[in-house]
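These notes concern the structure reproduced below.
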Amino acid sequence: MRVMMKHLRNRIKYAVVVLAALFISVQAFGQENPNDPSKTSYLFIGNSFTYYNDMPSIFSEIARNAGKNVYVKSNTKGGANFEEHSQRESVYKSINSHKWDNVILQGYSREFIHSADYVDSATVPHLNKILDSIYANNPCTNVYFFMTWGYDNGYGGYDYTKEFEGMADTIYGGYMRIGDKYELPVVPVGKVWKNVKSASRANLYVRDKFHPSKKGSYLAASTFFSAFYDEENRNYRPKGISKKLAKFIANQAYVHVHENREVYSLDEQESMVHWQFNEDGTVNANFRAAFPNALTYKWTIDGKQEIEDSYGAYVFADKENHLLELRVTANCGTRKYSYAMPEAYYQKANLTRREKRLLRNKK
């Protein structure tokens, strides 16, 4: 009797989790001041593959722990495809709630396993409606497609998807095609998922073998971080994931994304600053940007010195906090970004020699 009751309680708990994912969810993370121009904003539109384990909040934590100033919001509904997204009023409210720097779009998990003709007739018209709304709100918003993953045991609807490998490869091809069609970058979460699944025993799924476990959501968030910043996540892992596995997943995400930025068109839509602290107390800032149809690039250092190029480098020799600002003019209008020196670097620069020596010894 006790065994039966325990089994029933477990089934009820699992059902509650599944049902929770079916509700519409609108959440914001790091929302102290969304209109702060130094914040880079991200809106995730998707379903439970985005919603599970609050994946956008994991991405937000990864970014913040890496010294990035971000505002992240999500609008999700379990099981929704692009047709349903295009009919949800809350999607347009979220889009129009802010002049988004970046919007990430995720469709139904089986939406892109169908033929190209079917996708063009069943998905593209609804996707057009969503994209029109995004660009009407801000013509310079960067839009990305979120490539999802195959089910653990595949999908039996087609012979070519009845096993994981076939389904994963078909989804890959579908998202790459839709990215090419719209000339928009694709974030290859599904490809990194396949790589990690084949190279480790990490359980990336929950019991249903479709949805992501916390490890799977961490993989997705790490892939987004590497896609947006061309860096490896080294500073954050959710509770319940070992250091070894977290490091492995983050490295897999970074290596694949970094080596294939051109493949996924990520190098055509990016703006980033890499900070490097030096032992002598100086800080290097290496910066680059690339946007389609860009007319001019102007980097401004502390509101004074200007560099009119898409990339460059600068060495800060003093112990002050510093700010880099980027202004990009393009056919869509003007993009503006701000990058403050991470507080950790500013603090390091102001350490005494004795404190630096103690810090090195501690490592």
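The values are calculated or read from the model by the stated rules, or taken from the named source; none is laboratory data. Predicted model, so just to flag it, every value in this text is computed and none were measured. Virtual Cβ from ideal backbone geometry, glycine too; neighbours counted across all protein chains shown.
Descriptive notes on the structure:
- Restricting the stretch 147-169 to residues that are among the hydrophobic types (A, V, I, L, M, F, W, C) and touching a helix residue (DSSP H, G or I) at 6+ places or on another chain (Cβ under 6 Å), the residue that is farthest from P188 (Cα to Cα): M167
- Filtered residues of the stretch 123-170 (kept if assigned to a helix (DSSP H, G or I) and among the basic types (K, R)): K129
- Boolean, Q106 is out of contact with any strand residue (DSSP E or B) (no Cβ under 8 Å at 6 or more places or on another chain) and among the polar types (S, T, N, Q): no
- Total residues in the stretch 69-106, condition crowded, with 22+ Cβ neighbours inside 10 Å, in a loop (DSSP other than H, G, I, E, B) and without any contact (Cβ under 8 Å) to a residue 60 or more places away in the chain: 3
- Of the listed requirements (1) of a type in the set (A, V, I, L, M); (2) assigned to a strand (DSSP E or B); (3) buried (at least 19 other Cβ atoms within 10 Å of the Cβ), L295 misses just one: (3).
- Here D152 meets each of (1) closer than 25 Å to H258 by Cβ; (2) surrounded by fewer than 22 Cβ atoms within 10 Å (Cβ to Cβ) with one exception, condition (1).
- Pick from the stretch 262-278, criterion closer than 14 Å to Y182 by Cβ and not small (G, A, S), ranking: modelled with the highest pLDDT: Y264
- The listed residue being farther than 15 Å from S226 by Cβ, touching a Ser or Thr at 6+ places or on another chain (Cβ under 6 Å) and not assigned by TED's automatic domain parsing to the domain that holds Y175, out of T300, T334, T329, T282: T329
- The numbered conditions (1) over 27 Å from P212 (Cβ atoms); (2) surrounded by 13 or more Cβ atoms within 10 Å (Cβ to Cβ); (3) touching a residue at least 60 places away in the same chain (Cβ under 8 Å) are all true for A289 except (3).
- Qualifying residues in the stretch 46-62 (those that are of a type outside the set (S, T, Y) and touching a helix residue (DSSP H, G or I) at 6+ places or on another chain (Cβ under 6 Å)) - the one nearest to C140 (Cα to Cα): F59
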